Amino acid sequence: MRIVVTSASGANGNGRGTLLAFDLNGHSLGPFAPDAGIVDPRGLHLHPDGRHLYVNNGDDRVLLLDERGAVVASTAPIERLNPGGGVISPDGRYCVTARTLRTIVAFSADLSGPAVPLLPDDVVAFPRGFAFSSDGGLFLAAGATGSSGVGAGVIFAISPAPERRKTRLVEDAELSPLDLTLAPNGNIVTNSEVPFGSQDAVTSAREYDARTGKLVRVFRPDGSVRFRQPRGLRFAPDGRLFCVTRDEVVTFDFESTKMLGAVVRFDELHGQALEFFPP
């Protein structure tokens with residue numbers, strides 16, 4: 001198993017602007033896709049077949065790579081897509097946050113055909129992360145866009161189609177969400193940087209009850225890692241919680257909330273998302 005990380009460039013951070021691969025011991029395996037036309041990559045997600053990898057590209061495209069990092073499919077550039085994270089929907093489509101349009105769009109699994117909006121444009125000020133609930137609805141984190149913290153602290157529950165009714169599930173003054181995923185127990189887990197963009201930000205990962213929105217637990221760094229600018233979250237097959245940050249990929253024991261340390265240390269990584277991918 002490899003850990004694949006998107007290393008941002010441009011406005012998202014002065015990283016490598018490509019995908020980097022590491023083994024599970026944190027040793028660098030070099031670029032994952034050196035010749036794939038990747039530009040300021042953001043979100044990553046494993047294809048349902050387990051042998052391909054979606055990459056949300058900074059040039060308003062979505063790519064599909066094989067196990068060698070070669071592009072096997074791509075969307076055309078989509079004006080104002082500005083893609084963030086991506087998730088597989090219950091019906092098998094690949095869904096992506098369109099951050100300039102302020103919504104979520106869906107693509108067929110092979111990226112053929114048009115982008116189909118799941119929600120109206122401007123559904124939130126800035127979509128940060130989302131996950132599908134067991135009934136086909138959505139949990140959508142509304143994040144801040146600057147150090148003012150505007151838009152921070154809210155996770156919406158959105159009912160299944162066709163209603164797509166939006167309600168505030170989580171309102172937390174100590175939350176500024178960057179990514180969102182569902183834990184093995186069904187609860188919502190998000191990482192947080194408060195105030196967003198501040199050098200003195202308080203960073204954490206936070207668990208909320210998916211039914212009530214109440215805060216369950218807070219996962220805090222223990223001093224063994226810097227945990228600066230936390231971004232993408234993933235649960236490993238063994239249940240550990242992984243988070244990619246500016247210079248590290250860190251892990252927590254989800255059952256105890258104990259910080260397990262940094263699996264990867266890589267200067268100026270500026271990681272945006274991570275995924276586990278077969279060797």
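The values are calculated or read from the model by the stated rules, or taken from the named source; none is laboratory data. Since this is a predicted model, take the numbers as computed values, not measurements. Glycine also receives a Cβ, built like all others from the backbone with ideal geometry; neighbour counts cover every protein chain displayed. Ligands, DNA and RNA are stripped out before the accessible areas are found, and what is left, the full protein with its side chains, is counted by its heavy atoms. Shrake-Rupley method; radii C 1.70, N 1.55, O 1.52, S 1.80 Å.
Points to keep in mind about this one:
- Å² per residue, accessible surface of the chain at 1.4 Å: 42 Å²
- With K and R counted +1 and D and E -1, the other residues having a Cβ less than 11 Å from that of Tyr208 yield a net charge of 0.
- Region 18-35 and region 71-108 have Cα centres separated by 24 Å.
- Using a cutoff of 8 angstrom between alpha carbon atoms and counting only pairs six or more residues apart, the relative contact order for region 179-236 works out to 32 percent.
- 3J(HN,Hα) along region 84-96, derived from phi through the Karplus expression 6.51 cos²θ - 1.76 cosθ + 1.60 where θ = phi - 60°, amounts to x, x, x, 9, 7, 7, x, 8, x, 7, 9, 10, 9 Hz, with x in place of Gly and Pro.
- In order along region 50-55, the Karplus-derived 3J(HN,Hα) couplings, from 6.51 cos²θ - 1.76 cosθ + 1.60 at θ = phi - 60°, round to x, 10, 10, 9, 7, 10 Hz, and Gly and Pro are given as x.
- Our compactness index for region 214-259, the C-alpha radius of gyration over the empirical 2.2 N^0.38 Å, is 1.11.
- Placing +1 on each Lys and Arg Cβ and -1 on each Asp and Glu Cβ, with no other charges, gives region 198-253 a dipole about its Cα centre of roughly 200 debye.
- Selection among Thr203, Leu111, Leu64 by position relative to the dipole of region 55-214 gives Leu111 as farthest towards the positive end (Cβ unit charges, Cα centre).
- The chain, relative contact order [Cα under 8 Å, separation at least 6], %: 15 percent
- The relative contact order of region 63-205, computed from alpha carbon pairs under 8 Å that lie at least 6 residues apart in sequence, is 14 percent.
- Once backbone amide H atoms are built at 1.01 Å from N, Val263 has Val249, Val250, Thr251 as its partners under 5 Å, excluding neighbours fewer than 5 places away on the same chain.
- Dipole in debye (nearest 20) - region 90-244, about Cα centre, beta carbon charges: Lys, Arg +1; Asp, Glu -1: 120 debye
- A quarter of the convex hull surface defined by the alpha-carbon atoms of the chain gives 12.9 nm² as the mean projection.
- Summing Cβ point charges (Lys, Arg +1; Asp, Glu -1) relative to the Cα centre of the chain gives a dipole of roughly 340 debye.
- With all projection directions averaged, the alpha carbon convex hull of region 82-210 covers 7.8 nm².
- Applied to region 240-257, the Karplus parametrisation 6.51 cos²θ - 1.76 cosθ + 1.60 on θ = phi - 60° returns per-residue 3J(HN,Hα) values of 5, 9, 10, 9, 8, 10, 4, 10, 8, 10, 10, 10, 10, 6, 5, 5, 9, 6 Hz, with x for Gly and Pro.
- Most mobile listed residue (Asp179, Asp122, Asp238) in the chain, GNM with C-alpha springs under 10 Å: Asp238
- Close amide H pairs (under 5 Å, H built 1.01 Å from N) link Asp179 with Asn191, residues at least 5 positions away or on another chain.
- Prolate/oblate/rounded label for region 95-134 (Cα gyration tensor, a/c 1.5): oblate
- Apportionment of accessible area to carbon and sulfur, the chain, percent (1.4 Å): 49 percent
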